[in-house]
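Notes follow the structure.
The values are calculated or read from the model by the stated rules, or taken from the named source; none is laboratory data. Quantities reported herein were computed from a predicted structural model and do not represent experimental measurements. Every residue, glycine among them, receives a Cβ derived from its backbone with ideal geometry; neighbour counts consider all protein chains shown. Just so you know, the surface numbers come from the protein's heavy atoms only, side chains and all, with ligands and any DNA or RNA stripped out. Shrake-Rupley method; radii C 1.70, N 1.55, O 1.52, S 1.80 Å.
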Amino acid sequence: MRKKFIIGNWKMHTTTAEAGRLAKAVVDGVGMEKHVVIAICPPFTCLALVGEILKGSHVSLGAQNLYPEKEGAFTGEISPTMLLDVGCKYVILGHSERRHKLGETDGFINQKVLVALAASLNVILCVGETLDQRKAGQTETVLDRQLVHGLAGLSADTLPRLIVAYEPVWAIGSTGHHAAPPQVQEAHAVIRRRFGQMFGEKAAQSLPIQYGGSVKPDNAAALLSRQGVDGTLLGGASLIADQFMAIVRAGISESRTEEQST
Ligand code: 13P
């Protein structure tokens with residue numbers, strides 16, 4: 001049985017004071033919970049502080065990006081070594097906001113994925129189509145391209161450290177659009193099938209695929225109960241401790257139901 005991953009992407013939010021309060025509330029809320037994997041990804045400026053707060057807890061630390069070099073003359077960038085140094089276990093790569101607002105290409109994302117995995121970080125690779133692409137019937141082609149290019153050259157021994165997050169661009173934030181659970185299930189099936197063609201059926205069955213895009217306490221259970229939905233990558237809801245915890249509880253409840261039925 002695949003574990004559920006509930007991960008918060010704080011994006012460009014929180015001062016250090018706000019981050020400290022939010023991280024403490026999450027640590028207290030999660031307690032000794034082990035049924036689901038829980039991580040939070042604050043902005044770079046808060047990683048060290050939040051890393052200290054998470055020490056000894058069941059909440060892991062993640063970053064929202066990295067630069068694919070160990071060190072050097074890359075003004076403004078952060079390396080995998082630096083992320084490991086402050087206690088990061090996860091890194092989000094290929095987020096649509098970086099693809100579409102900052103012009104990141106599949107090739108650049110691929111470099112980051114390879115370097116992050118080689119540094120022993122767990123990678124959350126985000127993939128997803130825009131509204132225009134969905135309307136034009138290109139969803140499968142886009143997911144296919146992002147997977148094939150984003151994961152080119154991956155060695156089999158690094159696959160256990162990979163998570164894919166399906167994040168349809170049109171459902172992220174306050175767009176007014178929500179992906180319905182059957183649409184999410186269908187896209188996850190497309191991703192798993194393509195991944196299986198690339199890395200084999202066994203690897204595909206082990207791959208955690210999270211969903212992200214306007215997940216809130218009131219729709220989390222319906223999404224998490226869908227076959228092949230192995231967790232949620234949360235934006236807005238991860239900034240409010242009560243909402244984040246409500247979604248963690250939905251994940252725990254769904255994991256227990258799945259455990260009982262296997
Ligand atoms: P929202 O949950 O705010 O829609 O953001 C999702 C997301 O982009 C997580 O990476």
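Entry remark, the range 1-52: residues being farther than 21 Å from His95 by Cα, crowded, with 17+ Cβ neighbours inside 10 Å and among the β-branched types (Val, Ile, Thr) number 5 in total. What do you reckon, is Glu186 away from the ligand (no atom under 14 Å from the Cβ), free of Cβ contacts under 8 Å to residues at least 40 places away in the same chain and either open to solvent by 50 Å² or more (accessible area, probe 1.4 Å) or not basic (Lys, Arg) (or both)? So Glu186 passes the test. Whether any residue in the range 169-179 is on the phi < 0 side of the Ramachandran plot and away from the ligand (no atom under 16 Å from the Cβ) is what I want to check. No, because not a single residue in the range 169-179 is on the phi < 0 side of the Ramachandran plot and away from the ligand (no atom under 16 Å from the Cβ).
A single entry from Ser225, Ser206 fulfils the requirement of being more than 14 Å from the ligand (Cβ to nearest atom), open to solvent by 10 Å² or more (accessible area, probe 1.4 Å), out of contact with any Pro (no Cβ under 6 Å at 6 or more places or on another chain) and within 23 Å of Ala118 (Cβ to Cβ): Ser206. Of the residues making up the range 1-35, those that are touching a residue at least 40 places away in the same chain (Cβ under 8 Å) and within 19 Å of Leu125 (Cα to Cα) are Arg2, Lys3, Lys4, Phe5, Ile6, Ile7, Gly8, Asn9, Trp10, Lys11. Pick out the one residue from Ala237, Ala220, Ala189, Ala171 that is of a type outside the set (S, T, N, Q) and over 23 Å from Glu97 (Cβ atoms). Only one candidate passes the filter, namely Ala189. The C-beta contact set for the range 148-161 (first residue on the phi > 0 side of the Ramachandran plot, second residue open to solvent by 40 Å² or more (accessible area, probe 1.4 Å) and among the aliphatic types (A, V, I, L, M), distance under 9 angstrom, 6+ apart or interchain) comprises Gly153/Leu114. Please list, ordered by residue number, the helices (runs of 4 or more DSSP H) wholly in the range 172-262 having 3 or more residues that are among the hydrophobic types (A, V, I, L, M, F, W, C). It comes to 181-199, 217-224, 241-260. Listed by first and then second residue, the pairs linking a residue in the range 86-99 that is open to solvent by 10 Å² or more (accessible area, probe 1.4 Å) to a residue that is among the basic types (Lys, Arg), with Cβ atoms under 8 Å apart and 6 or more places separating them unless they lie on different chains, are Gly87/Lys55; Glu97/Lys11.
Among all positions in the range 122-136, there is at least one residue which is closer than 23 Å to Ala23 by Cβ and of a type outside the set (A, V, I, L, M). Across the range 106-127, the number of residues qualifying as open to solvent by 10 Å² or more (accessible area, probe 1.4 Å) and in contact with a helix residue (DSSP H, G or I) (Cβ under 8 Å, 6 or more places away or on another chain) comes to 8.
From the list Gln64, Gln146, Gln138, the lone residue that is open to solvent by 30 Å² or more (accessible area, probe 1.4 Å) and touching a strand residue (DSSP E or B) at 6+ places or on another chain (Cβ under 8 Å) is Gln64. Residue count for the range 209-218, restricted to those that are within 11 Å of the ligand (Cβ to nearest atom) and touching a helix residue (DSSP H, G or I) at 6+ places or on another chain (Cβ under 8 Å): 5.
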